[in-house]
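Below is one structure; the comments refer to it alone.
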Amino acid sequence: MDKKRKNGEGTWGKKTIRGIAYVFYRDAGGQYYYGKTEKEVKGKIKQAKAGVKVVSAKTKPQTFGEYMLSWLQSVRTGVEATTYQSYLDAVNARLINYRGYDLANVRLSELSSNMFQDYLNSLAKQYSLNSIKKVWGLIKTCVRYGEAKKDIEPLYLNVTVTTPSEANVSVKRKIIQVPSADEMRMIYEEALATCANGSKRYGNAAYVIILIMYTGMRVSEAIGLQWKDVNIQRREISVNQSLARVCDHESGEGSYFYKIKATKTKDSMRKISLPDKAMEAILYFRKYYLSDNDFVCVNDKNRNHYTRRQIERTLERIVLHSKCIRKEYSPHSLRHGYGSILLSMGTDIKIVSELLGHSDVSFTYNVYIDVFDQDKQSAVMKLNQI
């Protein structure tokens, strides 16, 4: 392999893959870029710096990676910008730039079901089942498209390839820690802590956390809440939208912006009654109200909406300084805490499912199965009183 350095940046070289000669560039971070020519590689590097990978419309895709990216572009207009971004991130991370098994550089004419099986087996050594399922679902849809267009020979992946199970993946599903009712109170009390001069220790973001904790909203729903969806007289909010971070592919600079989008699913659109502590948070933000289209949860400095990461960091600080024994709670933990407490207090599961915006009751049951197991044990123990 003929390696050379240019301008002291990364490593250039040549590599033959299944009889095909490629030029590659390895940057300082270990990222590889492949192409038939040096010019093609430089183009991919430029695209990567812009935060997007594309396949030239003038060049017919020859490798599976190129075909996959070309197919993604073709479905881009039919999905939400945030959905497309998640697809692109999954494909780039676990196919295009994945070096555990180089399926991306296999020519379309050389693809076989055995290659896809080996690829999945390799992913199982590095990723969780959910991460694998996400990219595998996209790959299967792309392959079916290619088979229908006769660009790819029939592979029948649903029959010929076995996907890994939870037991066979190295990265196990992360169990979300759920705070108890006592810990929710501890977090609430710490969120309201003040400094010596009387200022709020955690700023306005603390009230966003209180709102999430006592309504069960997703972070994106809380930061996307507008005053037009708040009914103070009825102590009720309508969850109709969310605020999502989207990559600005059109700018060519890989920049990001926040965009109002529909809720996660149709079932996510819902009305939530506000208990006292949630109402307290709403009334705290009311002083920033100018119009019905303003965001509810804004900072004190410039009245800008919050970002997901800002809320996550504030919660990390609050939990760290609280009396909670466990210190790894996330905003999603608070959402689950809301649902868990309602169920433990005897609230009907269908009502809890609707309040959380779940697609169906069975999903809610699976999420809170531990709560139901505890209820079963408590119910059986009541027999001791007879």
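What follows draws every value from the coordinates through simple rules; no lab data is involved. Note that the structure is predicted; figures quoted are calculated from it, not measured. Methodologically, a virtual Cβ is constructed for each residue, glycine included, from the backbone with ideal geometry; neighbour enumeration extends over all protein chains shown.
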Worksheet item: Which order results if Thr77, Thr215, Thr347 are arranged by neighbouring Cβ count within 10 Å, fewest first?
Response: Thr77, Thr347, Thr215
Worksheet item: Within a Cβ distance under 9 Å of Thr82, other residues only, what is the Lys/Arg minus Asp/Glu net charge?
Response: +2
Fill in: Descending semi-axes in whole angstrom, ellipsoid equivalent of segment 52-168, from the Cα gyration tensor
21, 18, 13
Worksheet item: What ranking, highest mean first, results for peptides 217-230, 326-339 when packing means the other Cβ atoms within 10 Å averaged over each residue?
Response: 217-230, 326-339
Worksheet, complete the sentence: Answer in debye to the nearest 20: the dipole magnitude of segment 52-168 about its Cα centre, from +1 Lys/Arg and -1 Asp/Glu charges placed on Cβ, is 220
Practice prompt. Return a whole-number percent for the relative contact order of segment 155-286, with Cα pairs under 8 Å and 6 or more residues apart as the contact set.
Written response: 19
Fill in: Range of Cα positions in segment 108-192 per principal axis (Å), largest first
63, 26, 17
Worksheet item: Once you have the alpha carbon radius of gyration of segment 181-332, what is it after dividing by 2.2 N^0.38 Å, with N set to its residue count?
Response: 1.06
